[in-house]
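Asker: I'd like to ask some things about the structure below.
The values are calculated or read from the model by the stated rules, or taken from the named source; none is laboratory data. Please read all numbers here as calculations on a predicted model, not as lab measurements. Reconstructed Cβ throughout: ideal geometry from the backbone, glycine too, with neighbour counts over all protein chains shown.
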Amino acid sequence: MNIKDIVNRDIVNLTNCESEPIHIPGSIQPHGFLLGIRKGSSRIEFCSANSADFIALKPEQILGKNIQDIFPEEQASGFARHAGAEHIDPAQPFVFSLDGVSFNTTVHQSGGNVIMELEPFPDGTLQLPNLYTQTRNFVSIMEKSSGLLDLCQEIADETRAITGYDRVMIYRFDPEYNGEVIAESKREDLVSFANQKYPHTDIPAQARELYIRNPLRMIADINYTPVPLLTIDDSPEKGNHSLDLSLSVLRSVSPIHIEYLKNMGIGATLTISLLQNNKLWGLIACHHYSPKILPHYTRLSALLQGHFLTSQIAVREVAEEFNIGEEVDKALVESLTILHETDNFMEACHKSDSLLKLANATGVAIFYDGTLYTNGQVPAEQELLKLFKFLSKAYPNKSFETDKLLDIYPDGSNLSKYAAGIIYHSMVSGEPDGILWMRQEKVETINWAGNPDKAVLQNEDGFRLSPRKSFERWMEIVKDKSSPWRKSEVNAASSFSYALQKHINYRVIRAQEDQNRSLNEELRLANRELANLNWISTHDLKEPLRKIQIFASKVLDREDPDLSAQVKDSVERMRFAAEKMQLLIEDILTYSKAGSMEKVFVPTDLNEVLQNVLSELRDNIEEKKAAIRADELPRLEIIPFQVHQLFVNLVSNALKFTKPDERPQIRITSSLVTGADVPAEKASTARQYRVIAFHDNGIGFEKEYENRIFDIFQRLHPAHKYPGSGIGLAICKKIMENHKGFIHATSVPGRGSVFSIYFPAK
Ligand code: BLA
């Protein structure tokens, strides 16, 4: 019979440990021995090299034999029943006894094999733990601990009390499987590892995978020499004899991990998986500073601690999330209250603490209308401005959050100290205005308790694997990252941003209103001045003017021979100037009245208005020998005296700007057009307009004056030839505005003009 070992001799090192097949080492730890049979057979196919240390039989005396050849008949048949059961309960180990020594036998299936792992009871007796006390203790722990961390602390304390390890840690993974010691119970003289962080590389993926399937591992003595597993080389299947030890309790541990533990000065460990939703949530990690074998049943007690804890994780996490959500809500309400109670939140309240708390941020910055407002710990102003500009360009009108700004903002490599993670809300489209909540880099908030170097033994090549090295690696991994933003924080930030946006909009509207109000006030004052001007014009200007005119007339009428022709001419010109000035004053008065007089609309027959105007202008018409023809005009709701004035102005103009050698022809037409045909921007396309057009055959004007002609004091023709104040058409325009209508003029120079007035039709 040939015997060979199945030890896996692949060299593992720091570069290939991710692919180390830790489930098939082909060796075990020496605190027990291993036997393996094919399922359904009792012939022993596998035996660990250390069998003689326990039962005085060497592997070559065991391999190829049947179980009943090694153990007493009734034990062998009892074992056959035990191993043949559909489900093997690990809590009910089988017990083999040989030469007065009892062996706790853990049985499991591995592929087509049945594996027996035999461990002597440490003190020779089967000592059952007091599960009643343990359970009662847990129930009281559950009642008194409020948060998850409290509970973890209690579980760590209790697990240490049950197992007697020097240090018990609760180790929690983040979503990337980086870990942190969140609770620790330890011998008083030891340096604390509380809050220490480790990179995901410390426990490679295949190890984590394995720990999901096998929730408890013990390393009894870090300095052990692995015991090879032996098998018969002439068994039918040659070649691959590896044995999957995933579920084994004696499996020999990865040499890399052993090196790590040795560097930490550890003597023995026990590790229990903490699962949530079939994923590894964390570990209960126990360290002892000398070798330690925990009896099978105490191991089960420790495992039970793990189960107790995992039963509570989801509930407590939800409760914690809820509590954080409540705090966040409280801060949000506080911030909103301040926002609603202040007119100038940015200036007065941006330093409020609740603004940070609503997202559990370490800094906040608001950029609004060219000013930067900051709260808490933030990057330098220039950096922030650059960031706001970048974000508004890259994320216009958007909001988002990230726990690693550097991923989207390569320029931000020196921002991580204050803004490794951000929540961003853009506020004004097209502008860099926005609000930012920031979180510091995780690395900054590390809390080293004690000196971790103290817990480390130095080896030849320095600390190749050690917590200190691990921590450096962890720092590399989480560099430039903040802790992730919770949903409640993101929601609160977005509620606040929305409210702030409204606050700003409201502010803009109010500023506009204020501006309107002050403009109105200015207008009111201007009107009052204008009214005053009327009064002055009538009393202070008209009176002296009248006196000048009377005086001039008297002088001229006297036909005094003493007066030289030159003086006479001067007085004549003075009189003329006074007359002109009087006209101007009257027109200004009319103009100002056209805007300020009360507007009373009366249904009026425009034919009548025209007749009155023509009779008023009769002398002028006769003098010019003008021919005036008018269509039948409609009846409209108008301000009668104003439309009268309007007609007077238009007809007078037609009589005034005539060609000397041609008899004036004036035609007044009436028609209906739609808004689209009205040459005015403000015309409503949905309605109709009544057009009254005054056509003449006068001197006309150039097209460029079409609009300017209605401006006050706008003159197109020399005053000595065509006297007037230059206000007449401005009055016409104002009158049409009073009627919600328009006036428009077209002309062909030298041929004539058309002045059209548009009244909105009912
Ligand atoms: C396994 N590494 C582990 C385990 C832990 C750690 C808890 C699981 C051991 C078990 O469940 O029995 C890490 N232990 C820690 C840490 C602390 C601790 C961080 O007590 C801190 C207090 N390990 C490395 C590196 C590699 C590595 C760099 O640090 C690989 C390059 C490998 N770790 C590694 C392997 C295992 C492991 C292969 C599996 C060990 C096994 O089960 O065989």
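Asker: Output the residues belonging to region 695-754 that are of a type in the set (A, V, I, L, M) and free of Cβ contacts under 8 Å to residues at least 24 places away in the same chain.
Answerer: Residues satisfying the conditions are 716, 719.
Asker: Sticking with this one: Taking residue 209 and the conditions (1) within 12 Å of the ligand (Cβ to nearest atom); (2) surrounded by fewer than 19 Cβ atoms within 10 Å (Cβ to Cβ); (3) in contact (Cβ under 8 Å) with a residue 60 or more places away in the chain, which numbered condition does it fall short on, given that it satisfies the others?
Answerer: Result: residue 209 passes all but (3).
Asker: Exactly one condition in (1) out of contact with any helix residue (DSSP H, G or I) (no Cβ under 7 Å at 6 or more places or on another chain); (2) near the ligand (Cβ under 8 Å from one of its atoms); (3) of a type outside the set (Asp, Glu) is false for residue 293; which is it?
Answerer: (2)
Listed here are the residues, each with its yes/no results for (1) away from the ligand (no atom under 16 Å from the Cβ); (2) part of a helix (DSSP H, G or I); (3) in contact with a helix residue (DSSP H, G or I) (Cβ under 6 Å, 6 or more places away or on another chain).
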| site | (1), (2), (3) |
| --- | --- |
| 257 | no, yes, no |
| 260 | no, yes, no |
| 284 | no, no, yes |
| 299 | no, yes, no |
| 302 | no, yes, yes |
| 315 | yes, yes, no |
| 326 | yes, yes, no |
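Here is a yes/no grid of residues against (1) of a type in the set (D, E, K, R); (2) touching a strand residue (DSSP E or B) at 6+ places or on another chain (Cβ under 6 Å); (3) modelled with pLDDT of 90 or more; (4) on the phi < 0 side of the Ramachandran plot:
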site: 49; (1), (2), (3), (4): no, yes, yes, yes
site: 53; (1), (2), (3), (4): yes, no, yes, yes
site: 85; (1), (2), (3), (4): no, no, no, yes
site: 100; (1), (2), (3), (4): no, no, no, no
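Asker: Condition first: within 12 Å of the ligand (Cβ to nearest atom), outside the structural domain of residue 17 (by TED's automatic domain parsing) and crowded, with 21+ Cβ neighbours inside 10 Å. Can you find one or more residues in region 227-241 that meet it?
Answerer: No, region 227-241 has no match at all.
Asker: For the condition closer than 17 Å to residue 231 by Cα, of a type in the set (S, T, N, Q), surrounded by 15 or more Cβ atoms within 10 Å (Cβ to Cβ) and within 16 Å of the ligand (Cβ to nearest atom), what is the one hit in 48, 27?
Answerer: 27
Asker: When the residues of region 9-24 are filtered to those that are closer than 18 Å to residue 111 by Cβ and crowded, with 16+ Cβ neighbours inside 10 Å, which remaining residue is farthest from the ligand (Cβ to nearest atom)?
Answerer: Looking at the filtered set, the residue picked out is 24.
Results for (1) modelled with pLDDT of 85 or more; (2) among the charged types (D, E, K, R), shown as yes or no for each residue.
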{"position": "473", "(1), (2)": "no, yes"}
{"position": "478", "(1), (2)": "no, no"}
{"position": "484", "(1), (2)": "yes, no"}
{"position": "488", "(1), (2)": "yes, no"}
{"position": "495", "(1), (2)": "yes, no"}
{"position": "498", "(1), (2)": "yes, no"}
{"position": "502", "(1), (2)": "yes, yes"}
{"position": "508", "(1), (2)": "no, no"}
{"position": "513", "(1), (2)": "yes, yes"}
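Asker: If the requirement is being over 60 Å from the mean Cα position of the chain (by Cα) and buried (at least 20 other Cβ atoms within 10 Å of the Cβ), which of these qualifies: 755, 742?
Answerer: 755
Asker: Any residue at all in region 747-761 that is part of a loop (DSSP other than H, G, I, E, B), among the aliphatic types (A, V, I, L, M) and out of contact with any strand residue (DSSP E or B) (no Cβ under 7 Å at 6 or more places or on another chain)?
Answerer: Scanning region 747-761 turns up no residue that is part of a loop (DSSP other than H, G, I, E, B), among the aliphatic types (A, V, I, L, M) and out of contact with any strand residue (DSSP E or B) (no Cβ under 7 Å at 6 or more places or on another chain).
Asker: Something else about it: Which members of region 402-426 meet the condition of being surrounded by fewer than 21 Cβ atoms within 10 Å (Cβ to Cβ), closer than 23 Å to residue 491 by Cβ and more than 10 Å from the chain's Cα centre (by Cα)?
Answerer: Within region 402-426, 403, 404, 407, 408 meet the criteria.
Asker: In region 32-80, what count of residues is obtained for those that are of a type in the set (A, V, I, L, M, F, W, C), under 60 Å from the mean Cα position of the chain (by Cα) and in a loop (DSSP other than H, G, I, E, B)?
Answerer: 0
Asker: A further question on this structure: Go through (1) within 13 Å of the ligand (Cβ to nearest atom); (2) touching a residue at least 12 places away in the same chain (Cβ under 8 Å); (3) within 46 Å of the chain's Cα centre (by Cα) for residue 278 and report which single condition fails.
Answerer: (1)
Asker: Pairs only if they're at least six apart or on different chains, beta carbon under 9 angstrom, first in region 8-22 and over 14 Å from residue 203 (Cα atoms), second assigned to a helix (DSSP H, G or I) and more than 7 Å from the ligand (Cβ to nearest atom); list them, first residue then second.
Answerer: From region 8-22, the pairs are 12/19; 12/255.
Asker: Separate question: Please verify whether residue 252 is within 13 Å of the ligand (Cβ to nearest atom) and closer than 26 Å to residue 63 by Cβ, treating the condition exactly as stated.
Answerer: yes
Asker: Please specify each residue of region 151-202 satisfying the condition of being more than 13 Å from the ligand (Cβ to nearest atom), crowded, with 18+ Cβ neighbours inside 10 Å and over 15 Å from residue 302 (Cα atoms).
Answerer: 151
Asker: Okay, next question. When the residues of region 251-302 are filtered to those that are surrounded by 19 or more Cβ atoms within 10 Å (Cβ to Cβ) and of a type in the set (Lys, Arg), which remaining residue is farthest from residue 162 (Cα to Cα)?
Answerer: Selected residue: 251.
Asker: Moving on to the next point. Among the residues of region 312-370, which ones are of a type in the set (Gly, Ala, Ser), outside the structural domain of residue 492 (by TED's automatic domain parsing) and over 30 Å from residue 141 (Cα atoms)?
Answerer: Once the filter is applied, which keeps residues that are of a type in the set (Gly, Ala, Ser), outside the structural domain of residue 492 (by TED's automatic domain parsing) and over 30 Å from residue 141 (Cα atoms), region 312-370 yields 331, 335.
Asker: Let me ask something else about it. Might you check whether a residue that is surrounded by 16 or more Cβ atoms within 10 Å (Cβ to Cβ), charged (D, E, K, R) and at pLDDT 95 or above occurs anywhere in region 663-672?
Answerer: yes
Asker: Just one of the numbered conditions (1) away from the ligand (no atom under 11 Å from the Cβ); (2) in a strand (DSSP E or B) is not true of residue 269; which one?
Answerer: Answer for residue 269: the failing condition is (1).
Asker: Name the single residue that is modelled with the highest pLDDT among those in region 272-282 being among the polar types (S, T, N, Q) and in a strand (DSSP E or B).
Answerer: Only one residue tops the list, namely 273.
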